[in-house]
Amino acid sequence: MPESQDAAPYQVLARKYRPQSFNDLIGHEAMVKTLRNAFSSGRIAHAYVLTGVRGVGKTTTARILARALNYVGPNGEDNGPQIDMAQEGLHCRAIAESRHPDVLEMDAASRTGVGDIRELIEGVRYAPVEARYKVYIIDEVHMLSTAAFNALLKTLEEPPPHVKFIFATTEIRKLPVTVLSRCQRFDLRRIDPDVLTEHLSAIAQKEKVEVEREGLFMIARAAEGSVRDALSILDQAIVQNGATGEPVNAASIRDMLGLADRTQVWDLLSAVFSGDAKTALEHFRTQYDAGADPGVVLRDMLELVHLLTRVKAAGPDAAGHGAAGEADAERARDMAGKLSLNALTRAWSLLMKGLSETREAPDPAAAGEMALIRLAYAADLPTPDEALRMLKRDSGSGIRDSGSVSAQPNPESRIPSPKSALGGGGYSAEPAREEAFPEPQARRAPAGPELRSFADIVALAGEKRDIKLKIELESYVHLISFAVGRIELRLHERAPGELVNRLTQRLREWTGQFWAITVNANVEGEPTMRDARTAEVMAHPLVKRALELFPDAEIAAIRDIRPAIEPVAEAPDETDEDEEQEA
């Protein structure tokens with residue numbers, strides 16, 4: 001039989017389950033709390049701006065706020081604006097359906113001109129017809145022209161007491177600061193995947209449809225924090241099963257979205273970290289043939305690498321945060337213990353480069369395979385600093401402190417093969433060995449020359465041929481205290497602004513150690529080395545006598561006659577005097 005003429009038309013889930021009160025909103029608790037406090041204290045602003053990505057509830061929140069401002073009980077009881085609207089009030093339905101005479105909605109995307117705003121301003125002077133306030137909701141307000149903003153500005157600054165403005169925009173940066181400064185701003189953030197998954201589960205129960213939990217989580221991730229997008233995808237997933245009444249499984253949702261199988265992504269990542277390019281390519285091709293987009297596969301790998309890095313850096317408890325499901329969290333805890341932090345950060349960089357190439361390449365699948373091959377072969381290689389450290393450790397004295405290789409290395413020493421260095425970049429069945437790749441604290445052991453005083457640092461700058469830095473250290477630094485790895489000093493008023501940063505960087509390069517350099521302007525400190533040397537020269541008996549004989553003479557320069565590089569240990573130092581003065 002044909003469908004009854006009186007049957008209600010089908011409503012998509014995004015419209016059917018649109019929030020009707022602040023209690024229905026999810027993920028925006030901070031905003032609701034602020035508004036609740038404002039309403040209870042009577043500190044209600046005259047203009048609000050709501051910003052966020054698509055589908056997070058900007059227009060819906062604007063309508064709910066308009067209802068709250070004009071709420072009157074179902075029996076006409078008027079207790080002022082109310083955040084809690086347990087019952088539908090006199091004006092609620094008309095406002096929700098965008099047909100209330102005192103709540104005017106305007107789409108700035110289609111009405112951008114100054115004439116439209118002037119028409120709006122003309123109506124501001126008139127009192128509301130039925131409700132408490134006349135509320136103007138302007139959606140996509142960033143689309144207004146400059147002239148339209150200028151025309152609105154004066155009214156926005158001093159509106160009549162019966163008028164409220166609510167603006168919604170996805171491009172908050174395009175709003176003039178003169179408009180933003182006159183509004184209370186609320187940032188509606190993306191909804192967390194776990195929260196969105198629970199919301200989708202509740203709606204599926206109301207629709208009497210069974211959807212696998214993993215499938216709901218896929219939808220939440222694909223929606224990228226947008227409730228509307230998530231409900232649209234759920235609508236499509238439900239339709240796929242038709243009227244069979246069978247549960248909507250995760251596999252069908254994955255096929256619908258063109259996603260990669262999460263389990264296979266873990267297997268792919270494991271193969272890559274093991275340096276097994278052949279297996280990695282097979283996993284990638286299997287997912288590609290099943291309909292997964294190459295860019296999506298790499299994005300999923302990036303997400304898992306980020307999760308592993310969080311676990312490695314912050315501990316096993318970090319696996320439960322973010323977009324990780326319980327299965328992901330369990331595998332992350334297991335895999336993170338077998339990888340070094342260097343391997344993970346390098347994988348992130350290579351995958352980011354690969355994802356960029358995949359988006360631009362004429363053949364995305366080929367670009368994705370190339371990215372996996374690079375990553376698989378890089379997994380077996382130590383980073384340059386790790387290779388140098390292993391070479392130095394194995395060759396003993398074959399490497400000098402300066403980092404150069406001796407002309408006659410130890411015959412027994414050799415660079416470890418990639419597989420022996422697997423802990424530095426690869427994935428193995430055993431946890432990464434601490435001695436091969438120490439934690440950051442152990443990495444800070446000095447690898448360069450031993451510096452026992454500030455004078456040693458100045459001398460090192462000369463040896464490294466950084467004459468500019470050497471002169472600045474001698475002329476502008478008043479030393480307060482010195483310890484290995486830590487210097488406290490006061491700078492001369494003529495010192496370059498970047499001197500401390502440059503010194504920190506050079507010490508890191510020359511010694512392999514991070515030096516904490518503190519500037520303290522409240523302590524006098526020692527004289528600069530230049531001043532100390534000048535005072536020493538001036539106190540010399542010969543200099544004093546010379547100045548007595550030539551009272552008009554001046555010290556033009558004081559030079560060190562020692563060579564920039566010290567002579568070899570076997571050669572005796574025949575220099576008795578270190579300084580000469582010119583008069």
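Quick look at the numbers
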| item | result |
| --- | --- |
| Sequence of 103, 211 once ranked by neighbouring C-beta atoms within 10 Å, starting from the fewest | 211, 103 |
| Cα-Cα over 26 Å, subset of 58/206; 174/353; 470/544 | 174/353; 470/544 |
| At R0 = 41 Å, FRET efficiency that the Cβ-Cβ distance of residue 467 and residue 365 yields, to 0.05 | 0.15 |
| Highest to lowest packing among 19-29, 294-304, 538-548, 171-181, scored as the average C-beta count within 10 Å | 294-304, 19-29, 171-181, 538-548 |
| Computed label-point distance, nm, for sites residue 195 and residue 126 using a 7 Å Cα→Cβ extension | 4.0 nm |
| Least to most buried among 482, 550 (fewest other Cβ within 10 Å first) | 550, 482 |
| Prolate/oblate/rounded call for segment 21-134, Cα gyration tensor, a/c under 1.5 rounded | oblate |
| Label point distance in nm, residue 174-residue 30, each placed 7 Å from Cα along Cα→Cβ | 2.5 nm |
| Gain on full stretching of the segment that runs from residue 240 to residue 539 - 0.36 nm per residue minus C-alpha separation | 98.1 nm |
| Extension reserve of the residue 521-residue 488 stretch, reckoned as 0.36 nm per residue once the Cα distance is removed | 10.9 nm |
| Cα-centre dipole for segment 193-257 with unit charges at Cβ (Lys and Arg positive, Asp and Glu negative), debye to 20 | 80 debye |
| Hits among lysines - C-alpha to C-alpha of residue 464 under 24 Å, sequence gap 8 or more where chains match | 392 |
| Residue 211 long-range amide H proximity, modeled H, under 5 Å | 248 |
| In nm, spacing of pseudo-spin labels at residue 352 and residue 508 (7 Å Cα→C-beta vector) | 1.6 nm |
| Rounded FRET efficiency, nearest 0.05, which uses the C-beta distance separating residue 207 from residue 187 and R0 of 30 Å | 0.45 |
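Where a number appears in this text, it was derived from the coordinates with a stated rule and is not lab data. Everything numeric here is computed off the predicted structure, so don't read it as measured data. All Cβ positions, even for glycine, are placed from backbone atoms using ideal geometry, and neighbour counts span all protein chains on display.
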